[in-house]
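Written out below as structure tokens is the structure these notes cover.
The values are calculated or read from the model by the stated rules, or taken from the named source; none is laboratory data. Since this is a predicted model, take the numbers as computed values, not measurements. Neighbour counts are summed over all protein chains in view; Cβ atoms, including those assigned to glycine, are modelled from backbone coordinates with ideal geometry. When the accessible area is computed, the model is the full protein with side chains, heavy atoms only, and any ligands, DNA or RNA have been set aside. Shrake-Rupley method; radii C 1.70, N 1.55, O 1.52, S 1.80 Å.
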Amino acid sequence: MPSSDKSCNIRCDVINYNPELKETVRDWEVTPEGRVWPCCFFGNAYDKRHSTHQDETQNPNDSSSLNTESATLFDDPIMAQLLKDDPDWNNLEHHTLEEIINHNIYQSYIYYKGWESDNPPHVCARNCSTKINSKQYDNTRVISNK
């Protein structure tokens with residue numbers, strides 16, 4: 001993936017400073033199936049992985065093509081590898097909430113270190129970018145939070 005011409009600033013709405021606690025608070029999305037995600041964008045991308053509505057797929061002529069929302073999760077090489085290696089890494093039936101939220105992926109890649117890198121999580125770049133300049137995300141919707 002090209003990184004030389006890329007800059008990305010992620011504004012995550014689920015991480016906020018709580019003045020009463022005098023600390024940063026991170027919210028989590030827990031699905032009915034017990035999967036813990038950093039936000040609804042990740043949860044929706046995972047939950048819609050079997051949806052192949054022709055108007056939402058990357059390749060409408062391919063019935064096995066991922067919808068564009070799920071593609072942001074499964075086309076991300078880091079997330080795809082994690083889901084392949086350990087499909088239950090964020091499942092409360094297999095791990096405690098503490099284990100899941102302290103997973104390396106949530107402490108580095110889907111957090112400031114990953115957001116400030118040349119290779120931010122695709123879900124974050126698509127949904128929560130305030131600035132992005134790269135052909136890497138040509139099919140991404142970029143929003144401005146100004």
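Scanning the range 104-120 for residues that are more than 17 Å from E29 (Cα to Cα) and in a loop (DSSP other than H, G, I, E, B) yields a total of 5.
For the range 84-119, how many residues are aliphatic (A, V, I, L, M) and open to solvent by 20 Å² or more (accessible area, probe 1.4 Å)? Quick ask: steps written out before the conclusion?
Going residue by residue through the range 84-119, those that are aliphatic (A, V, I, L, M) are 92, 97, 100-101, 105, 110.
Now restrict to residues that are open to solvent by 20 Å² or more (accessible area, probe 1.4 Å): 92, 97, 101.
The total comes to 3.
Pick out the one residue from I105, I100 that is without any contact (Cβ under 8 Å) to a residue 40 or more places away in the chain and aliphatic (A, V, I, L, M). Show your work before the answer.
Working: I100 fails: without any contact (Cβ under 8 Å) to a residue 40 or more places away in the chain.
Within the list I105, I100, the selection yields I105.
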